[in-house]
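Readers should treat all values here as calculations from the given coordinates under stated rules, not as data from a laboratory. Everything numeric in this text was worked out from a predicted model, so none of it was measured. Counting neighbours? That spans all protein chains shown, and the Cβs are built from the backbone with ideal geometry, glycine included.
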Amino acid sequence: MSAMLISFVLCLAYLVFLPFHAWGLALLVGLSVLVPGLIGRPGDEATAAITTTVVMVVAGLNAHGAWKQPLLRLVDTAIGVAAGMVTLVIVDQIGKWTARGRTSPRHR
């Protein structure tokens with residue numbers, strides 16, 4: 001999530017004021033690698049750079065409303081995280097339910 005948020009801020013700040021350009025893409029990818037290291041999240045550098053690249057390339061393909069692409073990616077990521085958390089809770093509950101069914105009668 002933190003890599004996505006870094007990419008979101010950088011891409012949105014760029015695309016609100018400027019249209020897609022290859023030099024802008026290069027600048028943002030560089031910043032996407034630099035910023036996580038500066039804020040103490042060096043493990044997020046690659047993910048932030050990849051996310052920034054995807055957002056900017058899609059913005060370049062869809063020049064009309066390009067500034068919306070970071071917002072759409074943020075919503076997409078939030079939905080994915082929520083789905084993962086719901087799945088985790090369901091799997092955890094199933095695990096507890098099946099574990100109760102496996103205990104022998106004398107341990108109940």
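Going by the structure shown, is residue 71 closer than 30 Å to residue 14 by Cβ and touching a residue at least 12 places away in the same chain (Cβ under 8 Å)? In short, yes. Considering 57, 35, 29, the condition of being in contact (Cβ under 8 Å) with a residue 12 or more places away in the chain and closer than 16 Å to residue 1 by Cα is satisfied by 35 alone. The condition of being in contact with a Pro (Cβ under 8 Å, 6 or more places away or on another chain), surrounded by fewer than 17 Cβ atoms within 10 Å (Cβ to Cβ) and either in contact (Cβ under 8 Å) with a residue 12 or more places away in the chain or farther than 14 Å from residue 3 by Cβ (or both) holds for only one of 82, 63, 48, that being 63.
Can you name the number of the only condition in (1) surrounded by fewer than 14 Cβ atoms within 10 Å (Cβ to Cβ); (2) part of a helix (DSSP H, G or I) that residue 19 fails? Of (1) surrounded by fewer than 14 Cβ atoms within 10 Å (Cβ to Cβ); (2) part of a helix (DSSP H, G or I), only one is false for residue 19: (2).
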